[in-house]
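The values are calculated or read from the model by the stated rules, or taken from the named source; none is laboratory data. Model, not experiment: these values are computed from the prediction. Because the Cβ atoms are built from the backbone with ideal geometry, glycine has one as well, and the counts that use them run over all protein chains shown. For the accessible areas, the whole protein counts, side chains as well, though only heavy atoms, and no ligand, DNA or RNA atoms are used. Shrake-Rupley method; radii C 1.70, N 1.55, O 1.52, S 1.80 Å.
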Amino acid sequence: MEVIFANSDLDRLETDPDFTGGWPRSVVKGYRKVLTWIWAAVDERDFYNLRSLHYEKLHGRLGQHSMRLNDQYRLIVEYEGSGRTKRIVIVAIEDYH
């Protein structure tokens, strides 16, 4: 699946091993693990099969979905395009507490 990042910090968080972006280490570790699964996914149906992601649509946020990074933080994603040109956009990391 093609991945697009909403901002450069989210991109750097995946690729730069020394960059934390001010997030706790557990969030960074979870983020990198989830991004590995996203890169390997064929489409969003793969995310529903990974129960530990707790992949779900967000109510009140049209077109956005969340994936669990740890007990407290979620990765917010959106989709662009359709069919074979569908891409996932990494929007934000949010604290759900």
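Overview of values
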quantity	calculated
Residue match in the range 77-87 (condition: surrounded by fewer than 17 Cβ atoms within 10 Å (Cβ to Cβ), touching a Lys or Arg at 6+ places or on another chain (Cβ under 8 Å) and polar (S, T, N, Q))	no
Spans of strands (runs of 3 or more DSSP E) in the range 24-97 with at least 1 residues of a type in the set (Phe, Trp, Tyr) and touching a strand residue (DSSP E or B) at 6+ places or on another chain (Cβ under 8 Å)	73-80
Where a residue in the range 19-47 is in contact (Cβ under 8 Å) with a residue 60 or more places away in the chain and under 19 Å from Arg87 (Cα atoms) and its partner, wherever it lies, is of a type in the set (S, T, N, Q) and not in a loop (DSSP other than H, G, I, E, B), with Cβ under 9 Å and at least six apart	none
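Residue-wise test of (1) open to solvent by 40 Å² or more (accessible area, probe 1.4 Å); (2) among the charged types (D, E, K, R).
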position: Ile4; (1), (2): yes, no
position: Asp18; (1), (2): yes, yes
position: Gly30; (1), (2): no, no
position: Ser52; (1), (2): yes, no
position: Gly63; (1), (2): yes, no
